[in-house]
Amino acid sequence: MKILVVGAGPAGLMFSYRMKKLKPDWDIKVIEKNDINEVTGWGVVLPGRAPHHPANPLSHLDDFDQLSAQYLEEFKLVHCGQSNMKSTGLPVCAVERRALLGSLQKHCKRLDIEIEYSSPAISEPELNRDNYDLVVLSNGINHKSTYFRQELKPEIEYGKNKYIWYGTSKTFDSLNLIFKHHPKGIFVAHAYKYSNDMSTFAVECSEQTYLNAELDKLSDEESAFFIAQVFEEELEGHTLQGQNGLKWRNFMTLSHQKSYDQNLVLLGDALQSGHFSIGHGTTMAVLSSHMLVKALSEYTDIPSALKSFDAKVIPLMSLFRDHANTSRLWFESIEDNINLSTTELVESFDTRRNALPPLPKALGQNLMEALK
Ligand SMILES: Cc1cc2nc3c(=O)[nH]c(=O)nc-3n(C[C@H](O)[C@H](O)[C@H](O)COP(=O)(O)OP(=O)(O)OC[C@H]3O[C@@H](n4cnc5c(N)ncnc54)[C@H](O)[C@@H]3O)c2cc1C
């Protein structure tokens, strides 16, 4: 079996590692457009404590305890200078994306999986699909996929809010959601520590607030400085750090009604992306990898394996999309809720996804099935 994996993010690397572990004689090659040192994004949250919680991708890595992951047990909502603190229930694990990818690379290397970094982002005809039994597209959303296929019924929706993903050396010991009234409008920060000395600091605001603050006219450095001033009280003098690939954007939700076409299959964000406010993108990307590994190990032919994968993954991904969209819309309508008391705002935030079937339950069921 000859497999080409396009994109060395969590989906592509976890798929390659687990597939090769199960089928050591299969030929798996990964191509990645970025340089090995170029990792976009800061830290992400994952569910539960590794190695006990199988939905946490770190539970599948034998060096999970060397990645400086942080376990956060409290959620803090800050509004009008008041804060509301409560338990997260299940501990939330925050980890640096670079550390997670570095560990996955090591796991792949140990199994002699070739990862070709700085590979030119090739177009679909150049892929030479016929040279492979299977081509796995795990190239995220960044380029709306160069391999976009109408057969898979893609849909793209852009969020109304503007967002940016910063890092900071201020360590936030709990999951923080900070609402800031500013003369230019309302800014919301999602902040938590993901290593001993760094935190993620993702900020969103309405398009109008973005324009009022003239963020469209500021340089990256000026913008980071302005936002650091907005959250001066919480950052306590720490600055915000940007990255080249991370600019102010509207969140892009990429969805597909079908996950495969002939010998080509989509995984992770390339199949379904979901707003960062529910913190599940990496978990879903890795879960879709486990599901594909399972299907390929159960069936002897690719068409049957992909058909089985599709039947399971599409309903799960559309539930993920619904949860993520509902959460995104809640943040987009924050101006309607901002005058609530802190307690009412917490309640509104907590119940924003209650009308939907629970995602953790569906996630758990699919995971157990995939890992059987
Ligand atoms: C602000 C923000 C905060 C987030 N927070 C969280 C969080 O807390 N928890 C969470 O679980 N998720 C979070 N996410 C989502 C998470 O980052 C993604 O869901 C996850 O990275 C998806 O993994 P992936 O492997 O599918 O794609 P990616 O991580 O995007 O990896 C795709 C890879 O493919 C490469 N590539 C792209 N095009 C090509 C090409 N043509 N050829 C070769 N390689 C290519 C890219 O360089 C990249 O390395 C967040 C996202 C954002 C934007």
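In region 196-331, a dipole from Cβ-located charges (positive for Lys and Arg, negative for Asp and Glu) runs towards its positive end, and of Leu235, Gly274, Ser259 it is Ser259 whose Cα lies farthest in that direction.
Listed peptides 278-287, 315-324, 176-185 appear in the order 278-287, 315-324, 176-185 once ranked by packing, highest mean of other Cβ atoms within 10 Å at the front. Taken one residue at a time, the phi angles of region 265-279 give Karplus couplings (6.51, -1.76, 1.60, θ = phi - 60°) of 9, 9, 9, x, 4, 5, 8, 8, 9, x, 3, 5, 5, 9, x Hz. Gly and Pro are set to x. Packing-based ranking of 216-223, 44-51 yields 44-51, 216-223, ordered from highest to lowest mean Cβ neighbour count within 10 Å.
Our estimate of slack between Glu207 and Glu126, defined as 0.36 nm per intervening residue step minus the Cα-Cα distance, is 25.3 nm. When only Cα pairs below 8 angstrom with a gap of at least 6 residues are kept, region 1-139 shows a relative contact order of 40 percent.
A Cβ-based charge dipole, computed about the Cα centre of region 1-126 with Lys and Arg at +1 and Asp and Glu at -1, lands at about 360 debye.
When both bridge partners sit in the chain, DSSP labels roughly 70% of those beta bridges antiparallel. Please state the relative contact order of region 194-269 as a whole percent: Cα pairs under 8 Å, 6+ residues apart? It rounds to 18 percent for region 194-269. The angle between the Cα long axis of helix 281-298 and the longest principal axis of the Cα atoms of the chain comes to about 20 degrees, rounded to the nearest 10.
Between amide H atoms placed 1.01 Å from N, distances below 5 Å from Tyr166 occur with Phe201, Ala202, Val203, all of them 5 or more places distant or on a separate chain. For the chain, relative contact order (Cα pairs under 8 Å, six or more residues apart, normalised by length) works out to 20 percent. Phi angles of region 213-223 translate, via the Karplus equation with coefficients 6.51, -1.76, 1.60 and θ = phi - 60°, into HN-Hα couplings of 7, 6, 5, 5, 9, 7, 6, 4, 5, 5, 5 Hz per residue; Gly and Pro are given as x. Can you tell me the 0 to 90 degree angle between the C-alpha axis of helix 359-371 and the longest principal axis of the chain, rounded to 10? Here the helix axis deviates by roughly 30 degrees.
We did not get these values from a lab; they are worked out from the coordinates using the rules stated. What you see is a predicted model; the values in this text were computed from it and never measured. As a convention, Cβ positions derive from the backbone with ideal geometry for all residues, glycine included, and neighbour counts pool all protein chains shown.
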